[in-house]
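Each remark here refers to the structure printed beneath this line.
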Amino acid sequence: MENNEVCSNLIKYIENAINFSFIAKIPGYDKEPRVQKEALIRLIQKFDKNESFLEFATYTLTTLQSGIITQIIPLTWSKPNGMKDSFINDDKFGLSIDEIINYISVLLIVKDIMHTSYIASLPIYNSYRYNQKEFYNNVVELIENAVDNISTLESINPIFLAIAAKSILPFSIRDNELSASSKLIAILFNVSRIMASYPNTETNVAHTQPIFISTIYNLVNNASFLGLDYKMANEFYDKVKSGDIKWKN
């Protein structure tokens, strides 16, 4: 996809495939969903010359179009104690399945904006492995600056922005501060980039699913290094292996 097509295609997807009504249920902000949707589109347009954003946005658009989010969110399973579980098991906003699908889709897009702009100078976790507190403090400062900067620039709920920003935090450091949605978009963020590294996944449908299974297997094995929630990544792998989640070209 040419760079000049990335932003326009992503905006078309937002306009045609994402319903922003969910954002009205997130407290602390009174702007209408339409206003916040238009604000996100304006932000994307501002990054139409940002090479890093365009690269990440290409991957994210492919992930959105693959249909995996619409497959992930409705899935439920029984835990050993008989209780039902799901990937988003801590929804505090009272969202429906369709609303959660839209919510996760927009979070993934916002994460790209934050990752390629305000959080571009994020320190490498591995270099702080002997001083996790220093790493955590640096990340929190960057997140706070990112949320302040974006919510100052555009009319987007800062609570929503903070959820996207917190997906940067390694799971091992502050599990109690990470929502299930932050953990999930951190996984999806990595899945989209790994899938993009394989040739012919867009054209060779017969080979795509085995590649997808291999991608998630590698993600599970590297969850700790990538700062991902191993338990969620492993559950994701089980659902991909069983065919409940498929990468659709």
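The values are calculated or read from the model by the stated rules, or taken from the named source; none is laboratory data. Since the structure is predicted, the reported quantities are computational estimates derived from the model, not experimental observations. Glycine also receives a Cβ, built like all others from the backbone with ideal geometry; neighbour counts cover every protein chain displayed. Side chains included, ligands, DNA and RNA excluded: accessible areas come from the protein's heavy atoms. Shrake-Rupley method; radii C 1.70, N 1.55, O 1.52, S 1.80 Å.
Measure off 7 Å from each Cα along the Cα-to-Cβ vector at LYS241 and GLN45, then give the distance between these two points in nanometres to one decimal.
Here the answer is 4.8 nm between the modelled labels.
Extension gain ASP85-TYR198, at 0.36 nm per residue separation less the Cα-Cα distance, in nm?
37.5 nm
Note the full-extension length gain between SER155 and LYS12 as 0.36 nm times their separation in residues minus their Cα-Cα distance, in nm to one decimal. The partial results should precede the final answer.
Details: separation 143, 0.36 × 143 = 51.48 nm, distance 1.99 nm.
Going from the current span to full extension adds 49.5 nm.
How much accessible surface area, in Å² rounded to 10, belongs to the heavy atoms of ASP48 with a 1.4 Å probe?
Accessible area of ASP48: about 60 Å².
Checking the a/c ratio against 1.5 first, then a/b against b/c, what shape does the Cα gyration tensor give for region 38-121?
On the way: a/c = 2.48, a/b = 2.37, b/c = 1.05.
It is prolate, given that a/c is not under 1.5 and a/b is the larger ratio.
With a 1.4 Å probe and every protein chain left in place, tell me how much accessible area ILE216 has, in Å² to the nearest 10.
0 Å²
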